[in-house]
1. Taking every pair of alpha-carbon atoms in segment A:3-112, what share in percent sits in each 10 Å bin, from 0 to the bin with the longest distance?
2. Give the accessible surface of segment A:3-112 per residue, rounded to a whole number of Å², with probe radius 1.4 Å and ligands, DNA and RNA excluded.
3. What are the extents of the Cα atoms of segment B:1-106 along their three principal axes, in Å, largest first?
4. Among all the lysines, which ones have a C-alpha under 27 Å from A:Lys61's C-alpha, if same-chain residues fewer than 8 places away are not counted?
5. Give me the accessible area buried between chains B and A, both sides summed, with a 1.4 Å probe, in Å² rounded to the nearest 100.
6. Using only alpha carbon positions, build the gyration tensor of the protein assembly as shown, then give the equivalent ellipsoid semi-axes as the square roots of 5 times its eigenvalues, largest first, whole angstrom.
7. Report, in whole Å, the centroid distance computed from the Cα atoms of segment A:1-51 and segment B:24-76.
8. At R0 = 41 Å, how high is the FRET efficiency between A:Ile60 and B:Ala20 if r is their beta carbon distance? Nearest 0.05 is fine.
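The values are calculated or read from the model by the stated rules, or taken from the named source; none is laboratory data. Note that the structure is predicted; figures quoted are calculated from it, not measured. Cβ atoms come from the backbone with ideal geometry, glycine included; neighbour counts cover every protein chain shown. Protein only, heavy atoms only, side chains kept; ligands, DNA and RNA dropped before computing areas. Shrake-Rupley method; radii C 1.70, N 1.55, O 1.52, S 1.80 Å.
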Amino acid sequence: AQSVSQHNHHVILSEAASLELGCNYSYGGTVNLFWYVQYPGQHLQLLLKYFSGDPLVKGIKGFEAEFIKSKFSFNLRKPSVQWSDTAEYFCAARDLGNTPLVFGKGTRLSVIA
Amino acid sequence: EAEVAQSPRYKITEKSQAVAFWCDPISGHATLYWYRQILGQGPELLVQFQDESVVDDSQLPKDRFSAERLKGVDSTLKIQPAELGDSAMYLCASSSGSPPYEQYFGPGTRLTVT
């Protein structure tokens, strides 16, 4: 069965520190990959997505992710976090087409001053 | 900007009671999903609709959960009877049904069963 693993449950960083959140997926074929963010009390929002092409994907708010097919990974990065990045981050995958998302368990990011 | 609407936002119910959640997708979106998010976990699919038809309900506990989308627009998810383990956030998402099939999520209904 398809699955998505996120390695870190809770990450605490100081402002301006660099961020990398790990995500690995287990899928049999071609896969679409996503990172979503959920700010406290708000909807799930799409940060970025990978369908094909350049494996380095840039999203909103300075986030980027790199698809490494050989490692089945899609790690999220940001060079310098801000206090406002405090949120829960979810990696998700799906088969090609109009199919449901399979989410990881999420990583809670706390950014401190 | 169009959004997915859900109501109620919060619901507290006693176990063995019936509870229902409503979702209104973005206008024109043919595909509707219900996900459940247990505290500390990622969302998990309960049911997927394409227009008024169920595409995937393999993860829906059918002994107590039911979902309908009678006119292919808004949808209702029902639990009867509710159990303590049903306490979770219930998320609705919709997509247009055309590439790139991006899903837009509603604010969710937080259910607490006491």
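1. For segment A:3-112, the binned pair fractions read 15, 51, 28, 5 percent.
2. Values: 5050 Å² over 110 residues.
The answer is 46 Å² per residue.
3. That works out to 40, 25, 21 Å along the principal axes.
4. A:Lys49, A:Lys69, A:Lys71, A:Lys78, A:Lys105
5. About 1700 Å² of accessible surface is lost on pairing.
6. Semi-axes, largest first: 30, 21, 16 Å.
7. Here the two parts' Cα centres lie 23 Å apart.
8. Efficiency, rounded to the nearest 0.05: 0.75.
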